[in-house]
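S.K.: Have a look at the structure that comes next, please.
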Amino acid sequence: LMTVLFCRWVFVWEKGYQETDSVVSSVTTKAKGVTVTNTSTLGFRVWDVADYVIPAQEENSLFIMTNMITTINQTQGLCPELPDKTTVCKSDANCAAGSSGVHSNGIATGRCVLFNGTVKTCEVAAWCPVEDDTHVPDPAFLKAAENFTLLVKNNIWYPKFNFSKRNILPNTTTAYLKSCIYDAVTDPFCPIFRLGKIVQDAGHSFQDMAVEGGIMGIQINWDCNLDRTAALCLPRYSFRRLDTRDVDHNVSPGYNFRFAKYYSDPTGTEHRTLIKAYGIRFDIIVFGKAGKFDIIPTMINIGSGLALLGVATVLCDVIVLYCMKKRFYYREKKYKYVEDYEQGLGGEMDQ
Amino acid sequence: LMTVLFCRWVFVWEKGYQETDSVVSSVTTKAKGVTVTNTSTLGFRVWDVADYVIPAQEENSLFIMTNMITTINQTQGLCPELPDKTTVCKSDANCAAGSSGVHSNGIATGRCVLFNGTVKTCEVAAWCPVEDDTHVPDPAFLKAAENFTLLVKNNIWYPKFNFSKRNILPNTTTAYLKSCIYDAVTDPFCPIFRLGKIVQDAGHSFQDMAVEGGIMGIQINWDCNLDRTAALCLPRYSFRRLDTRDVDHNVSPGYNFRFAKYYSDPTGTEHRTLIKAYGIRFDIIVFGKAGKFDIIPTMINIGSGLALLGVATVLCDVIVLYCMKKRFYYREKKYKYVEDYEQGLGGEMDQ
Amino acid sequence: LMTVLFCRWVFVWEKGYQETDSVVSSVTTKAKGVTVTNTSTLGFRVWDVADYVIPAQEENSLFIMTNMITTINQTQGLCPELPDKTTVCKSDANCAAGSSGVHSNGIATGRCVLFNGTVKTCEVAAWCPVEDDTHVPDPAFLKAAENFTLLVKNNIWYPKFNFSKRNILPNTTTAYLKSCIYDAVTDPFCPIFRLGKIVQDAGHSFQDMAVEGGIMGIQINWDCNLDRTAALCLPRYSFRRLDTRDVDHNVSPGYNFRFAKYYSDPTGTEHRTLIKAYGIRFDIIVFGKAGKFDIIPTMINIGSGLALLGVATVLCDVIVLYCMKKRFYYREKKYKYVEDYEQGLGGEMDQ
């Protein structure tokens, strides 16, 4: 019984007769979608791929900007800091010249100046005016990103078996690719994902996530049994939020970064538009193991299994012989059996 | 015989006596090369590294733009869509206001306007004029990229053995590095690659690939036997096209992405140059395993091997005793042998 | 004795009873810090995150510019090359029209023109004036980057055990995160690093490294024993310079790349500021293995161990019986023992 169980374990569940290899992968991504916004600062504005994908390309991930704080027309100069508990001042004595806190936008000049009609803050040398990121737009500025789509092209390779495959399967037609959207049930092999659906499948709300940003993992599992036909080696997609946070432990939530577009005046003065971009970074995580029959692990596992089997037999004997209640009865029977078969099958039994 | 064969398998071919570790790697790349183009839209123009490498740096890959569709001086506005089967219209009734297809450049306003003298298409709010990417330049715009060179610096580390090495070998001189070009036969350890040669070594044509773009894998294999001297642990380069496609299954070929350069008018109006960049992304894929003698796997393999050997002996006996034609002859001989040596070497035989 | 030793090896040191899995990881980084420079070319200038982090975001790494060579106001045109041994000329005969060397900034026009009052060099079609990178600023331009900080957020996942964890530990408070700085001894779990300390912990000098740039690896080791409580699965940080070079073998040191900011004249002429950026790229390298009790490897290792043990016994016997001086004494004793216990425990002994 134990033998059978062990063999099933090793060979059926764990595939102990196979040699394995880890996947080597290459990923490209392409987003599609257009939306419009209409705000007082920026006016009516169309957003397309070149505007909201930053940077334009990355190796295994893609960032879609969903929200932003724009500070237009910054130039190098002197201006008051944003008021917070370290920058509000009453006189120059409160501002140490040359100092720069962790959250400062610039280097303090040592003067205390009016921030607005009522509040005075330390003056800094910085890109002026300084960014005010206290209020994150909610709902998200580009909330329509929920309906954008993402095409993921993935090519994998198992070097040990020289086996390669794409996630665009051989039987996929151009017509299907132009119209399909991934769905775990109806279209499990369509490589085009609706952003909202990715987030939803991971159990989160796109509109919530869009406000402060986040990281979504698009996991592609290429576990393959290469003893079977290559057509059965298929990608399996799953989605997971990678920046999950506890509700009661809200330390540095979301995902954002700052970048600037630099412009030059006719007079040669440099100015810039600073953008604090909140958004969702989609990391494409490809993993998997391929197994193929190989004589070495098979033999090693058979060897171990048999050695174990020998021990198991002995252990059973010991248990039966010394621990059971009706020990004498069993002891006799055992010895009898040994005597009977001693020479003919000696080797096999001891194993 | 079987013993010898098994031992050779495990210990000589599979290096069963070694503990293994996977490589940890760091890659930097640098492209070199200049070319000129002369077209009606852009005039005479020189292209250097800062122009064609986008983005300027990536972790394990490098994108070289080889072809492009430039749409200069786009501004936010209203303009007719490119004609295709969903956008051509006869009257406003054909254009649903606010709609946006997957391949749209903007949001439909609901009006049907003249695209040129003969065709009317739906008007969109978009960056205008919209990009026309129906004709990809052929031959590629920057076809001279074939002669650009790529320096790959790779530093690897095997954490378990605390072994690290660079692909610029200790005996490489500065003079050699300034002039060498990788060649599998003559210069297998030169880390400078001619782009054309990479593609050619992978069995493809650079000029074909340059038109629609693609992904090339530069594979660096660091399989090392650390029981031998570190000088024998050498990188082996190979090249593979990662976006291979069947000729009869031409779904979304090549590699391209869009990005924009933003400018600002003296009046403050933002305009941009949209570039659809086709090119070759070179992914540097570092893989490998290092092995070093270790007592644990050695013992485990010896143990398994011996257990297997015991079984093999028994199996041979069983086959010989019960299946062979001259069974009686063998049976006698076997038993005789057992009787003779029974006590002195009993343990060894049963194994 | 040998048995005990082997068992300790396999089960205590090597954790042979565990199934293992490799880590899947997601990383985000955020730099903070502001500094000012005052030079004749650029004047007084403030540098913030949007200025010195290039590109604005990457997947597993972050580049901090520490030094730069800026060539402002380049336009497409004709100008003399930088003088070096291939470009200095006496007459047009020395300059081959259309040629372009590996280190050229442009395509030679075939004319030999004055570079300055005394030297003549070949004229090239290029972005003019060409960059002069012969003198790298020393000390580094943004030497204050030593005090910038880097927040690393890392989320790991062991797919086989469905175990995930962040490097911001559950008991970390917001107040601690706002003020802490990583220190191997006092703050080993603070995810905020001072750039200077990273380089120093790796045994290098930040100010030296800042001049020509380099690559620093921030290694996060997540080796975990998941049989114990999840709270004991903790990240361990270490730092290593990845572009280490021998002092006597100074081939292509440091790390730098070129990028350009493009501007447009009121007349529509494109000009650019070319920046050769030297700096430190921080690669976040996450590795580790998790182990958890599993019946299969336990059994395989027990099997192998026992088989080996049997062999060990036999080998000991052989050594004792045939190689020792007092062989007859031992031989007798051994046989006596075997005879005594032959039937009762035969199987166990032979094992």
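S.K.: Any residue in the stretch A:210-223 that is more than 23 Å from the chain's Cα centre (by Cα) and either of a type in the set (S, T, N, Q) or open to solvent by 10 Å² or more (accessible area, probe 1.4 Å) (or both)?
M.R.: Looking for residues that are more than 23 Å from the chain's Cα centre (by Cα) and either of a type in the set (S, T, N, Q) or open to solvent by 10 Å² or more (accessible area, probe 1.4 Å) (or both), one finds none in the stretch A:210-223, hence no.
S.K.: Restricting to the stretch C:171-192, give me the number of residues that are touching a residue at least 24 places away in the same chain (Cβ under 8 Å), open to solvent by 40 Å² or more (accessible area, probe 1.4 Å) and under 23 Å from C:LEU232 (Cβ atoms). Outline the logic, then answer.
M.R.: Our first condition is that a residue be touching a residue at least 24 places away in the same chain (Cβ under 8 Å); within the stretch C:171-192, this holds for C:181-182, C:184, C:188-189, C:191-192.
Okay, now just the ones that are also open to solvent by 40 Å² or more (accessible area, probe 1.4 Å), so C:181, C:184, C:188-189.
From what's left, under 23 Å from C:LEU232 (Cβ atoms): C:184, C:188-189.
Going through the stretch C:171-192 one residue at a time, the tally reaches 3.
Results for (1) among the polar types (S, T, N, Q); (2) part of a loop (DSSP other than H, G, I, E, B); (3) touching a His at 6+ places or on another chain (Cβ under 9 Å), shown as yes or no for each residue.
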residue	(1), (2), (3)
A:LYS90	no, yes, no
A:ALA93	no, no, no
A:ALA96	no, yes, no
A:THR118	yes, yes, no
A:CYS122	no, no, no
A:GLU131	no, yes, no
A:PHE141	no, yes, no
A:ALA145	no, no, no
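S.K.: Looking at the stretch B:257-271 only, could you name the residues that are closer than 30 Å to B:LEU62 by Cβ and either modelled with pLDDT of 90 or more or more than 12 Å from chain C (Cβ to nearest Cβ) (or both)?
M.R.: Those that are closer than 30 Å to B:LEU62 by Cβ and either modelled with pLDDT of 90 or more or more than 12 Å from chain C (Cβ to nearest Cβ) (or both): B:PHE257, B:ARG258, B:PHE259, B:ALA260.
S.K.: Here is a follow-up. Does B:LEU195 satisfy being surrounded by 13 or more Cβ atoms within 10 Å (Cβ to Cβ), more than 23 Å from C:LEU242 (Cα to Cα), among the aliphatic types (A, V, I, L, M) and in the same structural domain as B:ASP243 (by the TED database)?
M.R.: yes
S.K.: Is it the case, given these coordinates, that B:ALA93 is open to solvent by less than 20 Å² (accessible area, probe 1.4 Å) and either at pLDDT 85 or above or away from chain C (no Cβ under 13 Å) (or both)?
M.R.: The answer is no for B:ALA93.
S.K.: Something else: Please tell me if B:TYR263 is touching a Ser or Thr at 6+ places or on another chain (Cβ under 7 Å) and free of Cβ contacts under 8 Å to residues at least 12 places away in the same chain. Reasoning before the result, please.
M.R.: Numbers: touching a Ser or Thr at 6+ places or on another chain (Cβ under 7 Å): yes; free of Cβ contacts under 8 Å to residues at least 12 places away in the same chain: yes.
Yes; evaluated as a whole, the condition is true for this residue.
S.K.: Next up: Out of the residues in the stretch A:283-301 meeting the condition of being farther than 16 Å from A:SER22 by Cβ, modelled with pLDDT of 65 or more and within 11 Å of chain C (Cβ to nearest Cβ), tell me which one is surrounded by the most Cβ atoms within 10 Å (Cβ to Cβ).
M.R.: Across the stretch A:283-301, the extreme among qualifying residues is A:ASP283.
S.K.: Now for a different question. Out of everything in the stretch A:112-135 that is open to solvent by less than 40 Å² (accessible area, probe 1.4 Å) and farther than 22 Å from C:LEU150 by Cα, what residue ends up being nearest to the chain's Cα centre (by Cα)?
M.R.: This residue is A:CYS128.
S.K.: Just give me the residues in the stretch B:37-72 being open to solvent by 50 Å² or more (accessible area, probe 1.4 Å) and either assigned to a loop (DSSP other than H, G, I, E, B) or at the interface with chain C (Cβ under 8 Å from one of its Cβ atoms) (or both), in sequence order.
M.R.: Selection gives B:SER40, B:THR41, B:LEU42, B:PHE44.
S.K.: If you don't mind, there's one more thing I want to ask. Are there any helices (runs of 4 or more DSSP H) wholly within the stretch A:174-284 with 2 or more residues that are within 19 Å of A:ASN154 (Cβ to Cβ), and if so which? Let's see the steps before the verdict.
M.R.: Numbers: elements: A:174-179, A:195-201, A:206-212.
Where helices (runs of 4 or more DSSP H) fall fully within the stretch A:174-284 and carry at least 2 residues being within 19 Å of A:ASN154 (Cβ to Cβ), they are A:174-179, A:195-201.
S.K.: While we're on this one: Would you please name the residue that is surrounded by the most Cβ atoms within 10 Å (Cβ to Cβ), looking only at residues in the stretch C:149-170 that are at the interface with chain A (Cβ under 10 Å from one of its Cβ atoms) and either of a type in the set (Phe, Trp, Tyr) or closer than 17 Å to C:TYR52 by Cα (or both)?
M.R.: Here the answer is C:TRP157.
S.K.: Could you go through the stretch C:103-111 and let me know if any residue there is closer than 30 Å to C:ASP208 by Cα and open to solvent by 40 Å² or more (accessible area, probe 1.4 Å).
M.R.: Residues of the stretch C:103-111 closer than 30 Å to C:ASP208 by Cα: C:103-105.
So of that shortlist, the ones also open to solvent by 40 Å² or more (accessible area, probe 1.4 Å) come out as C:103, C:105.
Checked the stretch C:103-111: at least one residue is closer than 30 Å to C:ASP208 by Cα and open to solvent by 40 Å² or more (accessible area, probe 1.4 Å).
The values are calculated or read from the model by the stated rules, or taken from the named source; none is laboratory data. Keep in mind it's a predicted model, so treat the numbers as computed, not measured. When we count neighbours, we look across all protein chains shown, and the Cβ atoms used for this are built from the backbone with ideal geometry, even at glycine. These accessible areas exclude ligands, DNA and RNA; they are computed on the full protein's heavy atoms, side chains included. Shrake-Rupley method; radii C 1.70, N 1.55, O 1.52, S 1.80 Å.
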